[in-house]
Amino acid sequence: MTGAVLLDVDGTLVDSNYLQVDAWLRSFADVGIEVDAWRIHRTLGMAGSQLIPRVASLSGVELSSALADEVDEAHSRHEAESAHRMRVFDGARELVREIAARGARPVLATSASPEQLARLRELLDVEDALHAVTSSQDVEASKPEPELVQVALRAAGVEAADAVFVGDSVWDAIAAERAGVPCVGVLSGGVGAHELTEAGAVEIRTDTAELLADLDGSALAPVLGHRT
């Protein structure tokens, strides 16, 4: 039987990670907190509610809940301002459509906020091929906790053994492994192959274009049918 492919979006299907780093840098600066860009990049893949205190802690800063809310609100503004600079990775749309054409169920599984997710879906323009979409709004704890992956599995209507996750961050790989779903890591988000493998990824690909070109030789093959 065919199964499901659970897909992260930022850094996996859409080239947005470094825009996200810039938006978060500006957001922390807006409330008078200086943080290092690389610390932000290391936390991408988490929802804002987890990213903000983690970045602050790594930077030696204690944030009140009110100040954290200010950072989050500022991020929404800066993210929207840079949205026009986002682009879909080569092969990303075609990958989603090919998964669906093979009879498998493509499901977006992202830590993005509702506002960001709406922009990403519009940019991707693959609504007709998607089986379901899940986001941080659907869970209490986002990646690296397994809940988002588990919710995506339920939305797909499959067991963990019949799904594969595709993501770019260590948090994707950890969450997928905790949920019992093999993860294919892509390098397009800026995280190294060794780190992704250490986090639990079973296979590493450069990007969606490479994955698409070798679908039948990839870890996605077991959950895909044959194209008609």
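The values are calculated or read from the model by the stated rules, or taken from the named source; none is laboratory data. Note that this is a predicted model, so its numbers are computed, not measured. As a convention, Cβ positions derive from the backbone with ideal geometry for all residues, glycine included, and neighbour counts pool all protein chains shown. Note: accessible area is taken over every heavy atom of the protein model, side chains too, but ligands, DNA and RNA are not part of it. Shrake-Rupley method; radii C 1.70, N 1.55, O 1.52, S 1.80 Å.
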So for R0 = 41 Å, FRET eff. of residue 161-residue 34 from the Cβ-Cβ r, to 0.05, ends up at 0.35
Place a point 7 Å from the Cα of residue 122 in the direction of its beta carbon; the residues of the stretch 56-93 whose amide N falls under 17 Å from it are 76-88
Extension length gain for residue 216 and residue 154 (0.36 nm per residue less Cα distance), in nm, is 19.8 nm
The FRET efficiency for residue 195 and residue 57, from their Cβ-Cβ distance with R0 = 22 Å and rounded to 0.05, is 0.65
Rounded to the nearest 10 Å², the 1.4 Å probe accessible area of residue 131 is 90
At q = 0.21, 0.25 1/Å the base-10 log of I(q)/I(0) from the Debye formula over the alpha-carbon atoms of the stretch 97-182 is -1.03, -1.36
Long-range amide H partners of residue 134, meaning residues 5 or more apart or on another chain whose placed amide H is closer than 5 Å, are 108, 109, 110
Once residue 178 and residue 209 are pulled to full extension, the length gained, defined as 0.36 nm per residue separation minus their Cα-Cα distance, is 8.5 nm
Read-out P(r) over Cα pairs in 10 Å bins from 0, in percent, candidates (1) 8, 33, 35, 18, 5, 0; (2) 8, 24, 23, 17, 13, 9, 5, 1, 0; (3) 9, 36, 37, 15, 4, 0; calculated match is (3)
Taking 0.36 nm per residue of separation between residue 2 and residue 187 and subtracting their Cα-Cα distance, the length gained on full extension comes to 64.0 nm
Whole-Å distance linking the alpha carbon centroid of the stretch 66-96 with that of the stretch 1-27 is 9
PRE zone check, label point 7 Å out along Cα-to-Cβ of residue 115, amide N under 20 Å, scope the stretch 70-104, hits 70-87
The chain: antiparallel bridges as % of DSSP beta bridges, rounded to 5, reads 10
